[in-house]
Amino acid sequence: MIATRMLGSSDIEVTPIGLGCMQFAGPGLGAQFYPELDGATIGTVVKSALDSGINWFDTAEMYGGGHSERALTTALRAAGTGPGEISIATKWTPLGRTAGNIGRTIDARIAALQGFPITLHQIHQPFGSFSSQTRQVQEMAQLREAGKIAHIGVSNFSARQMERADRILRERGLRLVANQVQISLLHRRIEDNGVLETARRLEITLIAYSPLKSGLLTGKFHESPDLLDNIRPIRRALGRFNQRTLARTAPLIDELRKLAAAYGATPAQIALAWLITYYGDTVVAIPGASKPHQATELGAAMELRLTDPELSRLAELSAPLK
Ligand SMILES: NC(=O)c1ccc[n+]([C@@H]2O[C@H](COP(=O)([O-])OP(=O)(O)OC[C@H]3O[C@@H](n4cnc5c(N)ncnc54)[C@H](OP(=O)(O)O)[C@@H]3O)[C@@H](O)[C@H]2O)c1
């Protein structure tokens, strides 16, 4: 049994790793990040994640306007998993919309999730809406009070923004339970920008997106730099995929490889094990997977126990890169 963690101050228990589902976004914006996956592949990826012990999934309206939410829930049903057996986090897209749109689009989210309840509804980013963050958070609170969603989260919020969101919710007897931000061995800004300290103080879970730096931490690009030529534009920008990055990160990747060999694991598993251990229970991770074996590997990554000197050595090598 994999030890679970509480999602913020809620009663929801999540495995330290959930599956990120941007890879299921289909054509359109999704294809700017990752090649489109067919339904059969998505089915096997989701089944592999479930079999490896994963008990929650992160999707979003922005991932194909319902494409990812539908693909995920179709795959869950096909795997014999029903509502209530796992948790789903989705997100509302603020871009060019008012706060009232959160309520107007909730039925579309519920329909796209095909009978699976929304465990966590998140404001995808702190910018882009015509309404204030206060109005957006209040609109989320109304959905919670109406029983349409179980819990409220945000994404890409600063320490100050997440603290304010939590304060607004507390005034209504609710709590902010999560802030989804980028965190990995190559992106450790939470340590300096107040987000980690605030999350710990307010008992808010940090959901680490791009925990493998969009695949850079797997070491496959260091091994075969030719693969850089095929990276899609937004993914390239997110991961800063270029020769200079490969050169700068080589010592860290070498250490990941060394530990991987010692543990009979892969560099990706070591990078994920570091992330879900180094920050304690406050941080959980949502790696995306485009191949079934990647989802299968997540279970063993959650059970890896790196020693304190190993955790510190990785932190030391990543410090100049963060
Ligand atoms: N809130 C936000 O603003 C935001 C932004 C970005 C992402 N997200 C969320 O975070 C999730 C993950 O982020 P991400 O996709 O950007 O980056 P990531 O999880 O760091 O990288 C995912 C990629 O890494 C490779 N990979 C994954 N597991 C592997 C394994 N075990 N072995 C080898 N390679 C492996 C795969 O690359 P290949 O496909 O090349 O094999 C996969 O597509 C998304 O699915 C999404 O749910 C949220």
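Below are the figures for this structure:
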| quantity | calculated |
| --- | --- |
| Exclusive hit being under 24 Å from the mean Cα position of the chain (by Cα), surrounded by fewer than 22 Cβ atoms within 10 Å (Cβ to Cβ) and free of Cβ contacts under 8 Å to residues at least 12 places away in the same chain, set Lys322, Lys220 | Lys220 |
| Residues of region 81-111 satisfying the condition of being over 25 Å from Asp11 (Cβ atoms) and either of a type in the set (A, V, I, L, M) or assigned to a loop (DSSP other than H, G, I, E, B) (or both) | Thr93, Pro94, Leu95, Gly96, Arg97, Thr98, Ala99, Ala108, Ala111 |
| Pair list, Cβ under 8 Å, 6 or more apart: region 271-288 residue assigned to a loop (DSSP other than H, G, I, E, B), other residue more than 9 Å from the ligand (Cβ to nearest atom) | Tyr279/Ile183; Tyr279/Ile190; Tyr279/Leu196; Tyr279/Leu206; Ile286/Ile17; Pro287/Ile17 |
| Residue check for Tyr279: open to solvent by less than 20 Å² (accessible area, probe 1.4 Å), modelled with pLDDT of 95 or more and not charged (D, E, K, R) | yes |
| Tally, over region 15-65, of residues that are in contact (Cβ under 8 Å) with a residue 24 or more places away in the chain and not in a helix (DSSP H, G or I) | 28 |
| Meets criteria (within 16 Å of the ligand (Cβ to nearest atom), within 21 Å of Leu7 (Cα to Cα), touching a Leu at 6+ places or on another chain (Cβ under 8 Å) and not aromatic (Phe, Trp, Tyr)) for Ile152 | yes |
| Single match in Ala178, Ala237, Ala247 (criterion: surrounded by 15 or more Cβ atoms within 10 Å (Cβ to Cβ) and either more than 20 Å from Lys291 (Cα to Cα) or not acidic (Asp, Glu) (or both)) | Ala178 |
| So Leu314, is it among the aliphatic types (A, V, I, L, M), touching a residue at least 60 places away in the same chain (Cβ under 8 Å) and open to solvent by 20 Å² or more (accessible area, probe 1.4 Å) | no |
| Residue check, Gly264 within 16 Å of the ligand (Cβ to nearest atom) and without any contact (Cβ under 8 Å) to a residue 12 or more places away in the chain | yes |
| Filtered residues of region 283-322 (kept if at pLDDT 95 or above and either touching a His at 6+ places or on another chain (Cβ under 9 Å) or polar (S, T, N, Q) (or both)) | Ser290, Gln294, Thr296, Thr307, Ser312, Ser318 |
| Region 66-80 - residue that is in a loop (DSSP other than H, G, I, E, B) and under 20 Å from Thr15 (Cα atoms) and, of those, most open to solvent (accessible area, probe 1.4 Å) | Gly80 |
| Selection status of Ser214, modelled with pLDDT of 95 or more, within 8 Å of the ligand (Cβ to nearest atom) and hydroxyl-bearing (Ser, Thr, Tyr) | no |
| Ser210 vs. criteria of a type in the set (Ser, Thr, Tyr) and free of Cβ contacts under 8 Å to residues at least 12 places away in the same chain | no |
| Positions within region 15-53 being open to solvent by 40 Å² or more (accessible area, probe 1.4 Å) and touching a His at 6+ places or on another chain (Cβ under 9 Å), in sequence order | Pro27, Gly28 |
| Output for region 81-91, where each listed residue is crowded, with 19+ Cβ neighbours inside 10 Å and of a type outside the set (A, V, I, L, M, F, W, C) | Ser87, Thr90, Lys91 |
| Subset of region 1-14 that is assigned to a loop (DSSP other than H, G, I, E, B) and open to solvent by 20 Å² or more (accessible area, probe 1.4 Å) - its residue that is farthest from His151 (Cα to Cα) | Met1 |
| Region 246-255, residues that are within 14 Å of the ligand (Cβ to nearest atom) and without any contact (Cβ under 8 Å) to a residue 60 or more places away in the chain | Ile253 |
| Scan of region 127-137 for residues that are free of Cβ contacts under 8 Å to residues at least 40 places away in the same chain and crowded, with 18+ Cβ neighbours inside 10 Å, ordered by number | Ser129, Gln133, Val137 |
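The values are calculated or read from the model by the stated rules, or taken from the named source; none is laboratory data. What you see is a predicted model; the values in this text were computed from it and never measured. Using ideal geometry, Cβ is built from the backbone for each residue, glycine included, and neighbour counts are taken over all protein chains shown. Accessible surface areas use protein heavy atoms only, side chains included; no ligands, DNA or RNA. Shrake-Rupley method; radii C 1.70, N 1.55, O 1.52, S 1.80 Å.
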